[in-house]
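Quick notes on the structure that follows.
Taken together, the values in this text are just the output of simple stated rules run on the coordinates, not laboratory data. None of the values given here were measured: they were computed from a predicted structure. For neighbour counting, all protein chains shown are included, and Cβ atoms are generated from backbone atoms with ideal geometry for every residue, glycine included.
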Amino acid sequence: MSWTEIVVEVARNQAERLSDALMEAGALSVSVEDADLGTAAEQPLFGEPGMAPEQAAWERSRVVALVGDDSDYEAIITTAAKACNFEVVPAYDLRAVAEQDWVRLTQSQFEPIHIGKNIWVVPSWHDAPDPDALILELDPGLAFGTGSHPTTRLCMEWLESNVTPQQSVLDYGCGSGILALIAKKVGAGAVIGVDIDPQALQSAAFNSARNHCEINYLLPDDFARLHPAGACFDIVVANILSGPLVLMAPMLSSRVAPGGALVLSGILAEQADSVIAAYAPHIALSLADQLDGWVALSGKLPAAS
């Protein structure tokens, strides 16, 4: 089957509404681009991982709807314009979409990733570059964590260098389970992953089975029920965002066993001091490492006397 893109230029406040209307009118997918892309007027939009930018579109937005080559383009755009209460049907252009092997194209964007001393994160359609390395077979998916983001790398490198055999590990905000998997692969004993997203837990469980790792994944309420206050771990790692990390300072700190370590990331360099201050009443944190403007913090509790 061949496809065509219907391209419509609209103002910022019309982009989201028109996108929804085009989907209702029969578009297969809709994306929004900066109409000034590649010019001096281009406007970048930024947001932290997991957080949308303040503006959801550009001052001049280009709405691109993918439809079948045999679609009634005029009917689709007219129906969408009517649903948006536009006074006139907006002008539009048509762009042919070349036939491609979309699976192969998508897979080509994800190569094996080398992390730390001996870790390779390898998509299932690739062979491991070094079969004797610590291999994680992990495909890009809906849950955060494939090793490509600096915060994930920082935590993986810390775990590779610091986990000792049979230590217990809690990965809070586990996403794809990649940090829990690394902990298990380098010799940890009991490992638990916690996430608020049930879909992330399904993804993490799938990844654990694929990598032959026994890890228990739980929602926060189930974790609190099965591991009530006082249940502590030798290592607690949380790669989330600075805001939630600050709010969870008492809880995460209370889960660190005497002599145990806390590792935090998802923190921009300029946010490090505020996170350190939030944890100061519970555990002294310091800079463990940094990469591309992101930092990892770590600290240890005194051993039991």
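For segment 149-305, the dipole from Cβ point charges (+1 on Lys and Arg, -1 on Asp and Glu) about the Cα centre works out to 320 debye, to the nearest 20. Using a ≥ b ≥ c from the Cα gyration tensor of segment 126-220 (square roots of the eigenvalues), is it rounded, prolate or oblate, where a/c under 1.5 gives rounded and otherwise the larger of a/b and b/c decides, a/b for prolate? Judged from the Cα gyration tensor, segment 126-220 comes out rounded (a/c under 1.5). Each Lys and Arg Cβ is given +1 and each Asp and Glu Cβ -1; about its Cα centre, the chain then shows a dipole of about 1300 debye.
For n ≥ 4 DSSP H runs only, could you compute -39500 (n - 2.57) per run for the chain, divide by its residues and tell me the 222 nm figure to the nearest 500? Calculated at 222 nm, the ellipticity per residue is -8500 deg cm²/dmol. For the chain, the relative contact order comes to 12 percent (Cα pairs under 8 Å, sequence separation of at least 6).
Rounded to whole numbers, the Karplus 3J(HN,Hα) couplings from phi for segment 195-212 are 8, 7, 9, x, 5, 4, 5, 5, 4, 5, 5, 4, 5, 5, 5, 4, 9, 6 Hz, using 6.51 cos²θ - 1.76 cosθ + 1.60 with θ = phi - 60°, and x at Gly and Pro. Each peptide in 152-160, 10-18 gets a packing score, the mean of other Cβ atoms within 10 Å over its residues, and the list from highest to lowest is 152-160, 10-18.
Every Cα-Cα pair in the chain was counted, and those over 32 Å apart are 42% of them. Working from Cα pairs under 8 Å separated by at least six residues, relative contact order for segment 192-303 is 22 percent.
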